[in-house]
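Only one structure is covered here, and it is reproduced in the block below.
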Amino acid sequence: MDRNGPNPPTDWRIWESIPDVYARFTARQARVARAGALVLAYALCVAALTREPSFDRALTVDLNAPVADQEIRAAFFFESVDLQRTLEAREAAMAEVPVYYRVDGAVVNEQIRKLRERFALVQQARPDAERRILELLRNSTSGDQETDLINRAITQTLESWRQKDEWKTLSDSDLLAPFLIPDRASLPRRIFEPTQEPTDAQNAVAEDTRPRKTVKLDPDPPAPLTFSDADRLMALAADALEQTLSQGVRPELLPADGDTLRVVIQRGPGKSAEAHRDVAETRLSQINDPKQAMEAFSNQLTSLIRQQAGTGGAESGQSQWASGHDAILTLSRDLIVPTLVEDKVATATARARVAEGTPPVMKEIEAGEIIQDRGRRWTAQSRSDVETYLKLLAGTNKPWQRFTGTLVANALLVALALLAWWRITSFVGRVPALVGCAGMTTRKSFALGVTLLTVLLITARVFLYFEPSGYLVPAAAAAILFVILGGPIRASMFSLLAAVLVSDLFQYNWRLMLVLGAMACAGGFAVSRVRRRGDMTAAAVAATIAGLVASVAVTLSMESLFSENFLRRGGLIILNGGLCAIVVPGLLSPLERLFRITTDITLLEYSDLNNPLLGQLAMRAPATHAHSLMMGQLAEAAADAIGANGLLARVCAYYHDIGKMSRSELFVENQNGVNIHDQLDPKESAALIRRHVLEGASMARRYRLPEPLVDGILEHHGTTTIAYFYAKALERYGQDNVNPEEFRYPGPRPRRAETAILMICDAVESSVRTLDHPTPESVRALVRKFVDLRLSEGQFDDCDLTLKQLTAVVDVLTRTVMSMMHARMKYPSLPPVARS
């Protein structure tokens, strides 16, 4: 630049018209270009996802041959039934079905019949008992109790009948008396002889105590005796026995697994398993054996007898019911027998139904995987896989219809993905803390994501023809690149979108989507701020590990870890990680330049003090160069203290005054006793001082410095006033004759925290040298004065600095300035030491 050329225009916005690739278009042309680029990227994504129609899918295979005469390789991903694992799953489900048992009704009916036969034998003795009861009643006296007479008659009957052959099968026949007791209401009434007239009082007493003979019975002849209470007792016994046996009685000896064997008891006339699904399961050991069933029968009988005895009335009738309990137990003891039998038909039916309802276990066959080798024998599994594959091929006999449907679906999917991506980037762009790298805007973030997605899908489409499984697609590389360029928040959503779209290309392979998604997310989270090239390699290693872990997880749910597919998949994932380590460093720099994004790696490159521009600054304006280095330390410390990008602040400080190289003698730090401004008008001096901002920006663009560094040059003075020359003009011409705008820097005001800190540090570093004896208090007061002054002028209105952050900046700058201005010990002068 000509040092003596005309003054540059005062409006800094004119400098934006410097020709470059983005400034060649008008605003309307730029919008049209962006829309066209978006449509082109959309079309490329849809085209990459949509496979071309195939007309050569006919395949003839002889499945009945013992040996395959051709190699059958899957052209696409599909699922087939895993016969062995399906068989194992169904066997396991069948093993969970309990064993069905049923109550043998024939056994129950047989035992009830035997009990009734025994009751019938007892009933045969009733006429004999009736005859003996009536005979004793006729021959009784008034002193004989009716109950004693009945009991004596029944005892005589039992002694008589015990000797008969048919009664020898009845054990403990003495206990059968309750079944021979007639109803009290059916007994005839005894009529006794009349008493004689006593002659005196003594004879009257004797006459009253003398037993009187029974003269007749009323009615006479008596009506037949009834045994309804005894019959009801027999009916209760039969009912109780039937209930006990119908509940199920197991054998006394259990099988080997009887303690844990689960069973279902079928009760009732039905024999099918479906008719008894409401029966609760139990264990065979919890069912009553004959001994336990006898106790249950006794309890059941006791309950029924108590109910009947409570409604019987007479005390003698109640005693009859109570004694009938033991009589029934005596007759029924050997009738409690096992009634449960295993229903093998019902068990087999239930297990078959469960096996039928168990879904088949599917195995995944990757695209390109060999289903059947040529010259190998067919197996049941390979036949099943080939049959499934042939059916899928037969379903694609309408290629144009399938192609059209796929094209429409992919167009809709990509449109929704791009719309979601725009919403995500817009939301994150409204939160300054989540923006990411310097220079990253919502529009750039959206364009970067669309570009990476397009390149990724095209790469996946190319890989499809060489490695059809998809595990070599470098989705993690795209995610790592986006994290470095666009920030981690957007990158997490980018990773998910990339995994979903890539899986769409590979037949919606959910396993591939999970593995690629895990690799992309892990790689993105592993790199947040890149300061070394090795950070990108570490991210690729993290992505590889995550992919292997995800592959193990999905493989455990589907197949063995030692299968050939898993080993091949693991090898591809490792190759994918190596590809990421190569691709990311190679594409990072072109993407930075294409989207004009400044990463930490770029800043590190420009922080090299051997940079030609900094070398010129050191040679032509050494004091300014020293000021910039000192200011870089201050700015980095302050930015790191509030969570801003300290590296960006330091590099901006290095280059912020490069415009002073044009005429370094105009600035006091570079003057050697002669001040050129003493011969200039204050207005001319202000114009010359102001020029270094615009010339610095022009020089930065000429040397292709990143845009954030150009912003730092333009914004480090903001729109503040050149105070010294403005005050001098006021003193010389008066306030009415001075235009303040002619003494103001072109700006703009700082638009990010780093350039605001740069403004504060510039003023502090140059002013603190005016302090004669700097102390922490005086330095703090000076820093606070400049912060409050810039705050009152509204210089921080366009950046997101808070008052709390400004206070932290004041504290850090105070400590850093005091450490830089530390005192040194004054060494005493010593007399020369003579040589020995």
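The values are calculated or read from the model by the stated rules, or taken from the named source; none is laboratory data. The structure presented is a predicted model; accordingly, all values stated were derived computationally and were not measured. Here Cβ is always computed from backbone atoms with ideal geometry, including for glycine, and neighbour counts include all displayed protein chains. Protein only, heavy atoms only, side chains kept; ligands, DNA and RNA dropped before computing areas. Shrake-Rupley method; radii C 1.70, N 1.55, O 1.52, S 1.80 Å.
Things worth noting here:
- Enumeration of residues in segment 792-810 that are assigned to a helix (DSSP H, G or I) and either surrounded by 15 or more Cβ atoms within 10 Å (Cβ to Cβ) or touching a residue at least 60 places away in the same chain (Cβ under 8 Å) (or both): 805, 806, 808, 809, 810
- The number of residues in segment 514-540 being crowded, with 17+ Cβ neighbours inside 10 Å and either among the aliphatic types (A, V, I, L, M) or without any contact (Cβ under 8 Å) to a residue 12 or more places away in the chain (or both) comes to 14.
- Checked against (1) more than 30 Å from residue 601 (Cβ to Cβ); (2) of a type in the set (Asp, Glu); (3) touching a strand residue (DSSP E or B) at 6+ places or on another chain (Cβ under 8 Å), residue 707 passes all but condition (1).
- Selection from segment 588-601 of residues that are part of a helix (DSSP H, G or I) and β-branched (Val, Ile, Thr): 601
- Residues in segment 720-774 that are assigned to a helix (DSSP H, G or I), closer than 28 Å to residue 640 by Cα and in contact (Cβ under 8 Å) with a residue 60 or more places away in the chain: 753, 754, 755, 757, 758, 760, 761, 762, 764, 765, 766.
- Cβ pairs under 7 Å, 6+ apart, first in segment 238-252 and within 19 Å of residue 118 (Cβ to Cβ), second open to solvent by 70 Å² or more (accessible area, probe 1.4 Å) and of a type outside the set (Val, Ile, Thr): 238/116
- Condition met for residue 604 (in a helix (DSSP H, G or I), among the aliphatic types (A, V, I, L, M) and more than 45 Å from the chain's Cα centre (by Cα)): no
- Restricting the first member to segment 565-582 and to residues that are under 13 Å from residue 549 (Cα atoms) and of a type in the set (Phe, Trp, Tyr), and the second to residues that are in a helix (DSSP H, G or I) and open to solvent by 30 Å² or more (accessible area, probe 1.4 Å), the beta-carbon pairs closer than 9 Å and six or more apart or on different chains are 566/552.
- Conditions (1) open to solvent by 40 Å² or more (accessible area, probe 1.4 Å); (2) modelled with pLDDT of 85 or more; number of the one not met by residue 100: (1)
- Residue 485, sole failed condition from (1) open to solvent by less than 10 Å² (accessible area, probe 1.4 Å); (2) part of a helix (DSSP H, G or I); (3) of a type outside the set (Ser, Thr, Tyr); (4) at pLDDT 90 or above: (4)
- Selection of first residues in segment 35-47 that are touching a residue at least 60 places away in the same chain (Cβ under 8 Å) and of second residues that are in a helix (DSSP H, G or I) and of a type in the set (Gly, Ala, Ser), restricted to Cβ pairs under 7 Å at least 6 apart or on distinct chains, gives the following pairs, ordered by first then second residue: 46/411.
- For the residues 509, 576, the requirement of being touching a strand residue (DSSP E or B) at 6+ places or on another chain (Cβ under 9 Å), open to solvent by less than 30 Å² (accessible area, probe 1.4 Å), within 30 Å of residue 411 (Cβ to Cβ) and not aliphatic (A, V, I, L, M) singles out 509.
- Scanning segment 124-150 for residues that are under 25 Å from residue 172 (Cα atoms) and open to solvent by 70 Å² or more (accessible area, probe 1.4 Å), we see that the one that is nearest to the chain's Cα centre (by Cα) is 124.
- The one condition in (1) of a type in the set (A, V, I, L, M, F, W, C); (2) at pLDDT below 85; (3) open to solvent by 80 Å² or more (accessible area, probe 1.4 Å); (4) farther than 30 Å from residue 642 by Cβ that residue 422 fails to fulfil: (2)
Let's see how each residue does on (1) at pLDDT 90 or above; (2) open to solvent by 20 Å² or more (accessible area, probe 1.4 Å):
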{"residue": "321", "(1), (2)": "no, no"}
{"residue": "329", "(1), (2)": "no, yes"}
{"residue": "333", "(1), (2)": "no, yes"}
{"residue": "353", "(1), (2)": "yes, yes"}
{"residue": "394", "(1), (2)": "no, yes"}
{"residue": "406", "(1), (2)": "no, yes"}
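- Matching option when the condition is surrounded by fewer than 22 Cβ atoms within 10 Å (Cβ to Cβ) and either among the charged types (D, E, K, R) or out of contact with any strand residue (DSSP E or B) (no Cβ under 8 Å at 6 or more places or on another chain) (or both), among 658, 676: 676
- Any hit, segment 162-176, residues being touching an Asp or Glu at 6+ places or on another chain (Cβ under 8 Å) and open to solvent by less than 20 Å² (accessible area, probe 1.4 Å): no
- Scanning segment 772-786 for residues that are over 11 Å from residue 821 (Cα atoms) and either modelled with pLDDT under 90 or open to solvent by less than 70 Å² (accessible area, probe 1.4 Å) (or both) yields 772, 778, 781, 782, 783, 786.
- For segment 335-347, a tally of residues being open to solvent by 30 Å² or more (accessible area, probe 1.4 Å) and touching a strand residue (DSSP E or B) at 6+ places or on another chain (Cβ under 9 Å) returns 4.
- Pairs, first within 13 Å of residue 143 (Cα to Cα) and of a type in the set (A, V, I, L, M, F, W, C) in segment 205-222, second at pLDDT below 80 and part of a helix (DSSP H, G or I), C-beta under 9 Å, six or more apart: none
- Which listed residue is open to solvent by less than 10 Å² (accessible area, probe 1.4 Å) and aliphatic (A, V, I, L, M), from 614, 594, 629, 609: 614
- Options 79, 52, 71: the member that is charged (D, E, K, R) and within 30 Å of residue 350 (Cβ to Cβ): 79
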